[in-house]
Each structure stands twice: as C-alpha cells, then as structure tokens.
C-alpha cells in the first residue's frame, strides 16, 4: 500500500489548519518537517474529525483508561478498522481478538499500514505502533504471549481507530509488524520489578542461612 508524504514548512501547515483545529501544528516558520498524509483522506477531513480525546492520544501519545474504549469488547465478524486521524486502513475485523487486557487487541495488520518505534517510557522497553500514513499513535505491540498463532498482540486505543463496514477499497494483505523487540507484553512489562523482588527474596534467604551458620559455629 503506497502512502504519500507531503513536505511543507511549519508555517504552511499552520496556515492550512488554523481555522479547522485552532492552529494545532503551529511551530517555527523557519523550520521544515515532513508530515505524512494518507491518500485516502484529505488533511482537512482528518483534522476535523478528531475530538479532544482522540487528539490527545493520536497526536500527543496519550492512553485511554483500560476497559473504557468503544471497541474493547467489540468483535465484528466482517469489516475493518482505519486510523481515526487520516482514514488509513489498519486492521481487518478478523485480526481482532479478546485478550482481556482492557484495550482492543489485534494479532496482525495490513501490510505497510504501521510503523514502529522503540519506546523507553517508564524505563521499560516497548515497541510503539503508529499509523504509517499520519504517524498517529495507536498503542504498543507485544510478543510471545501465546494468544494467537502470530504471537503478537497489538494493544490499540479505541479512540485512535474507526470501524468501517465491509472490506477496504482495495484488497490488502496482512502481516506481522514486530521485529522481535516487543517484549512479553503484560508479563514483560512487570518482569523487571518482579525479577528484582525475586532476586531480593533469594538473596535474603542466602544471607539468612550464612548468618545462621556463623551464629551456630560460635
């Protein structure tokens, strides 16, 4: 799937969106950046459909509270999910499954639909998943939890996507997205403090036995 990236200065972007979303992209007029735009939705449409919560998650990498999302317990048999920020097709309905994590979960995506980036927030190594068309934050991908044969769980915010009935306009292949850096998800996220607690417990037992040995030798 081809994604068009448009080059504009920050001043040009600011001028284009100022009347639609209160100058969200206002930055220095002397710098230039690349902002991706999906060919399936005009920029004006993408910005006008973002509510406050969606903007916070998609553009500022926020997270909706667990168990509150519209699509958490929504399991359609047909259709697909697109990026709420630009309309880029992301997931088929068949790729969605019930992980019980509190957020919508998918085990694969449309080929080329996502991009990834290492996220070291809170000292944990995770892989962030973003829309390949507009860089919108979707969530994170976790691996090796055993939920489905792909061994991937795309943990996605409901406010980052929209459900569409029917298939995408053109047939799209599906694929895994992880490069092996996703860690162990719910279990991996807790593994570091858990390992430290186990290590402390084991060391305390060893130290206790050593002290008992010397006390007994006296």
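Here are the numbers for the structure shown:
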read-out	value
Any chance residue 102 is surrounded by fewer than 17 Cβ atoms within 10 Å (Cβ to Cβ) and within 21 Å of residue 67 (Cα to Cα)	yes
Some residue of segment 50-67 being over 21 Å from residue 139 (Cα atoms), over 17 Å from the mean Cα position of the chain (by Cα), surrounded by fewer than 21 Cβ atoms within 10 Å (Cβ to Cβ) and modelled with pLDDT under 95	no
Segment 110-126, subset part of a strand (DSSP E or B) and in contact with a strand residue (DSSP E or B) (Cβ under 6 Å, 6 or more places away or on another chain), residue surrounded by the most Cβ atoms within 10 Å (Cβ to Cβ)	110
Segment 133-148, residues that are over 16 Å from residue 90 (Cα atoms) and touching a residue at least 40 places away in the same chain (Cβ under 8 Å)	142, 143, 144, 145, 147, 148
Test: residue 129 is in a strand (DSSP E or B) and surrounded by fewer than 24 Cβ atoms within 10 Å (Cβ to Cβ)	no
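The values are calculated or read from the model by the stated rules, or taken from the named source; none is laboratory data. Remember, predicted model here, so these are calculated numbers, not experimental data. Virtual Cβ from ideal backbone geometry, glycine too; neighbours counted across all protein chains shown.
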